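Encoded as structure tokens, the structure appears first; notes follow it.
The numbers here are math on the coordinates, done by the rules we state, and not lab data. Just so we're clear, the structure is a prediction, and the values are computed from it rather than from any experiment. Cβ placement follows ideal geometry from the backbone for every residue including glycine, while neighbour counts extend to all protein chains displayed.
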Amino acid sequence: MHILIVTIGGITRFFRNWPEVLLARALVRRGHRVRAFTHYSAASAALDTRQEDIEDIHVERIEPTGWLTREFWNALTRGPKPDIVHIHHLRNQFAFQAAYYARRENIPFVVTPHGPLHDQYLTNDRDRPLDTEPLYRNLIWSRREILNRAARDGRVKRHVENYFMHYPVHHANAVIALSEHERALWAKMHIESEVVPNWLDMPFIRGLEGEKYPEEFPRPLILFVGQFKYRKGFDVLARAMPFVLRDLPQATFLFVGHNPAHRRELELLARRDGTQDHLRIIERVSEEDKVRLYNSADVMALPTRYEGFGLPPLEAMASGCPVVASNIPVVDEVVQNEHNGLLVPREDPRALAEGIIRIVRDDALRACLVRNGRETLKRFQEDALVGRILDVYERAQRSAHPVAA
């Protein structure tokens, strides 16, 4: 089967556990041909190569200049016709043209949105989308609705973007949700989806078992891995630091993230609370060193406000690092409280601190969480999950090309 993956930046040599590259590698190993179109960015070392082959995956990167891009359209139409197109991310500016091309050429296509509440039309606050009901009526599914709304308020560009963004998921032959929570949200929009969660490059992680990060930190070491965005809750952990330090005065809080959008706010919070001497920030680490950090940490904290899926809990479990996380939808489908991690109320720094302290002080609890965390990974095995995606592809093909009676 020839599969075309259309995504934002998920297939690079740098990030081993991004879902698109894991899927592409798995498909190639099973004998399928995979091409990928992703975003080009001269400012990113991961995305600044126009074309390259990564483990037999041919990747072509194109600069996103809007929802209608001549360069992308030309790349689509000049290449060999795929058997199936797999589009990732709602906010992917290539998604509309890829879906339109697939429909025009009668090619079945599948969409993995990676979390509907990343959608600025479905929520007024993408950092805190769980605080309010989704704005289902905001979404535009038809060209007629563009005209109706533009006639009322004159915001033509906004309404066209709204339509382009939702066209792929509306017309897809199949939609893959990453969680039951996501599947339920799509159902409320009258879109059927099948749940297939993400997985990890387990051989890579196991190959680094026992290796520690080369720099020593005062212990216990509390690790945060994620973008420094309010959606990820970095500020909640920062506000939990004083409570932890009352009981664990030598603790180090290590924040690691490749997108340090609010680094200054993090540093100001620590300075305000007098915890700056316990704060360490690393903006980027190699994939190997990220695993070594999980191996070295005493606790991984995930104080997130929303996740489309969230890989850090699985990465931590794979490395034997216990997890304390926000008790929110999606996360609670991976982390079960008192079984393979601790769940605490979101937006509650004191409860987060109490969870961290419990794990550090209670050796029996820690051992139980680590043991059950490793057992949890059996639910996220590549073979089974890739098999389910291939089943989705086959059903999409049948729906696009029904077998004659």
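Legend: P(r) of segment 202-379 from all alpha carbon pair distances, 10 Å bins from 0, whole percents, reading 10, 42, 39, 8, 0.
Estimated from the Cβ-Cβ distance and a Förster radius of 51 angstrom, the FRET efficiency linking Asn148 and Glu209 is about 0.30.
Here the chain is treated with +1 on each Lys and Arg Cβ and -1 on each Asp and Glu Cβ, and its dipole about the Cα centre works out to around 1120 debye. The charge dipole of segment 36-127, taken about the Cα centre with unit charges on the Cβ atoms of Lys, Arg (+1) and Asp, Glu (-1), comes to about 440 debye, rounded to the nearest 20. Between the listed residues Ile84, Pro312, Ile205, the Cα displaced farthest toward the positive end of the dipole of the chain, a dipole computed from Cβ unit charges relative to the Cα centre, is found at Ile84. Applied to segment 10-26, the Karplus parametrisation 6.51 cos²θ - 1.76 cosθ + 1.60 on θ = phi - 60° returns per-residue 3J(HN,Hα) values of x, 10, 9, 7, 8, 10, 6, 9, 5, x, 5, 6, 5, 5, 4, 4, 5 Hz, with x for Gly and Pro. With θ taken as phi - 60° and the Karplus curve 6.51 cos²θ - 1.76 cosθ + 1.60 applied, the whole-hertz 3J(HN,Hα) list for segment 193-198 is 8, 10, 7, 9, x, 6 Hz, x standing for glycine and proline. Between Arg264 and Asn337, the C-beta separation translates, for a Förster distance of 25 Å, into a calculated FRET efficiency of about 0.15.
Please give the charge dipole size of segment 202-379, origin at the Cα centre, charges +1 on K and R Cβ atoms and -1 on D and E Cβ atoms. Round to the nearest 20 debye.
Values: 26 positive and 26 negative charges, 45 e Å.
With Lys and Arg at +1 and Asp and Glu at -1, about 220 debye.
Past the 27 Å Cα-Cα mark, which pairs from Lys232/Lys290; Lys290/Lys378; Lys229/Lys378? Beyond 27 Å: Lys229/Lys378.
Listed peptides 162-173, 276-287, 85-96 appear in the order 85-96, 162-173, 276-287 once ranked by packing, highest mean of other Cβ atoms within 10 Å at the front. One Cα centroid belongs to segment 48-115, the other to segment 223-279; the line between them spans 38 Å. Fraction of C-alpha pairs exceeding 38 angstrom in the chain: 22 percent, rounded to a whole number.
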